[in-house]
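Here's the structure we're looking at; comments come further down.
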Amino acid sequence: MVLVCTLVFGCGNEHKSVQQPENYMVSKELDKAIIGQSWELLEKAQQLADTGSTINDVLALLPEDAQIMVNNNSLVYFLEGGVPMLVSFDKTKKRIKGNGAIFGNASLPPSISTNNALFAKPYIQAASQEVNVVGYERGEYKRQKKEALLVSAYPRDFGGYDDVISAAEYLSDQNNYTGSIVLRSQNLSLADYTDWQKYDLVHVSSHGERLCGYPFEVGDKIEITTAGESNFCGTVLKSGVKHGYTTIQEMQDFFFKPENYNYIDHIVIGWEDFYLKPSFFTQFYLAANLNNKIWVFSACEMGQRSDMQTTIQSVLKDSHFFYWQNTVNAEDAFPAFQEFYKNLAFEGLDAKKAYEKIPPNLKRNLPSEFVDPKGENKDTIETTTQLLHLQTGKPRHGIEVIELLHPIHETILQEGDLYPLNGDFGDGQTELMEVKLDLLGYTKEEFIQKGMTLSLFVRGQAILDHFVFLPDMPNDGIMVKKIPNKEYGVRLIFDGMEIGDIPKDLEKMEVKGYLHLDDERFSIHSEMVNINPKDVRVTARGTNTVTITYDNDTGASKFQSASAPSDVYMDTKGLVYVYVDRPQDRGWKKINMSGYMGQQMASKMMKILDLPMDVDILLGKEGLSSEVPFPTTPKPGKNLFKPLVNWPNQITQAKLSRSPNFERRETTCPSGKGDCLVFYGIQGRSKGVVIHFNELGKLERMKYKGQTLTYNYGDYTVNVPLAKELKLPSF
């Protein structure tokens, strides 16, 4: 039998200088007949394996010129002109992430040779500590939306111990990955392994194995020889891709389709699945110049040889690769990656430190096993395995390590959040702003040692510029606190920061924070927040309950009442939309309210509210608008509901504080965080009115003579329905 030639390994410190491991079992030219012969052999060999035959029984089927690689549970053979085929003898029901190797790691018994070339050593490339963040090359805004690909190739094999669950658990709670985690599990294709360029983090949970040239005894040692060379071995990753071949013709058709040419030299064909050689990743990613990535291959025996490690080292720069040395139980892999992703995504550590902080008992000396090739009964020998880390260049954070917070709720600030400011817009006086933010991934001592600083921009203007936030100094206007439930990082609180006078009609502004990791590199969080929301939902409760929702974008309002037969809409032209439920004319109708009949209908609708129609009657004139929101005779083209939902812009804390008709008091906010203001009408027509403001300083509730208006603010959508115009008499 002809055995395969030796692999050549090499390594270097630069991205493009890493010598590639030589690909194995590659035909100079494909031959349809040989592919057919190979498939027929696989069909017979797999049938033997499934019925209890041994590897030697299968070897007897193969031609003399077949090239062979084996481990205890698998055999790969190759005929020139064809492609390598894998026969699986694995019948184990253990939940391991591979098929078991002939050799283990350094815990081998003395009777078995442990030539150093046989095993991949834990490898962490020496690198400077110029830490950065994955995705930073995409620019300030795009980098904040990071993308992760999680591939669960065999979910049934691992069940609840599939470690992509660990990845998904922590990444899905992280702001940078919200809505951008792709899980691939069902109906996988080879293409699912070729589009990783766009992902910042890739985690593959699968099976893997190392195979070697056929072993035989030399004295009291086991040797693997290949035409005089020793220790030829190679690694394969099981893809979870079902090829679906049932006939020779289907196999031949696959390999002679032009769209599949790129796969041919880099896959091994199993009875059901494709296996990927290390060269598969060279083929699809070497020319892509991939930087700033985190890749995880959670599969057995990825590190028994250095071929996979060397390949990844060549295709990734300033990146991280994590993989298992020997066989590993899924129950052991799961908690290791739980801890890793907790460190990476929750604590914000860079990937190197996130690995280092995994407790040793979760990543080293974990139970593993291999089969003694000298044992007559294939005795299992217990050994250990470990999670390995390859760092190709400089360390990278998996997330942005600065998080702007909502100043009231202390949740991560999101686009569209309502951000409270103190002051009246457009009055020539500066508004004040409370800022809270978390800086992640470092201890106080590390922030100081590395000289990190903070910058903050509001509406494009620098409010802080390379501010030194540690050590914490007294009376510097900043509070430094521990982040709840986190071991690393600090929470900074700035109270009463001046941001200038905000234009009266400005609805949104950008808040942007930078944590400067050094003079060149930084982490960023920016959000466009609402500061003067126009969308309002007001609920009036008294003898009846009415809800009015106003959408500032469309200018439309929706009127809902339990006593009304259907919802009522009004648009910017003052047209009212009602649903007519008559058999002969059922559907939405729009009505012009400018005529006498329309005025009567409008007045009837307004009576449902059972509230005074004039702000003056309700609140008095002092500092407030005297606009009549619901006139007895509405003007054409007027949205009847707009003044009511506009009251939050007319009735402000500042105006009420200046009015002698109101007394100001403080009370605990409904959220339990901070103090809120309540104003009580004490004289004149304001007497008896009670006005509550929420923690954002916005109008929350108004009470008067048994009536209550409750205001909510947000992004509400109101679109008027398609309707036919209903003409009313104009007399």
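Laboratory data are not the source of any read-out in this text; all were calculated from the coordinates shown. Nothing here was measured: the structure is a model prediction, and the numbers come from that model. Cβ placement follows ideal geometry from the backbone for every residue including glycine, while neighbour counts extend to all protein chains displayed.
At R0 = 30 Å, how high is the FRET efficiency between residue 427 and residue 701 if r is their beta carbon distance? Nearest 0.05 is fine. Here the calculated transfer efficiency is 0.75.
Quick one: which of 321-329, 246-254 comes out on top by average Cβ neighbours within 10 Å, and what's the full order, highest first?
Going by the mean number of other Cβ atoms within 10 Å, highest first, we get 321-329, 246-254.
Using C-alpha pairs under 8 Å with a sequence gap of at least 6, the mean separation divided by the residue count of region 472-521 gives a relative contact order of 22 percent.
Work out how much length residue 544 to residue 508 would gain on full extension: take 0.36 nm times their residue separation and subtract the Cα-Cα distance, in nm to one decimal.
Separation in residues times 0.36 nm, less the Cα-Cα distance, equals 9.5 nm.
Pairs with C-alpha atoms separated by more than 26 Å, drawn from the list 534/655; 44/238; 238/357; 363/486; 142/357, are 238/357; 142/357. May I ask you to list the residues of region 520-545 whose amide nitrogen lies under 19 Å from a point 7 Å from Cα along the Cα→beta-carbon direction of residue 461? Counting backbone N atoms under 19 Å from the label point, the list is 527-532.
Distance from the Cα centroid of region 462-531 to that of region 309-323 is 36 Å (rounded to whole angstrom).
Over 26 Å between Cα atoms, which of 508/590; 242/342; 394/481; 450/481 qualify? As for pairs spanning more than 26 Å Cα to Cα, those are 508/590; 242/342; 394/481. Per-peptide packing, taken as the mean over residues of other Cβ atoms within 10 Å, places 580-588, 500-508, 346-354 in the sequence 346-354, 500-508, 580-588 from highest down. Determine the sum of side-chain charges near residue 721: Lys and Arg each +1, Asp and Glu each -1, restricted to other residues whose C-beta is under 11 angstrom from that of residue 721. So the environment of residue 721 carries a net charge of +2.
What number comes out for the charge environment of residue 688, summing +1 per Lys or Arg and -1 per Asp or Glu over other residues with Cβ under 13 Å away?
Its environment carries a net charge of +3.
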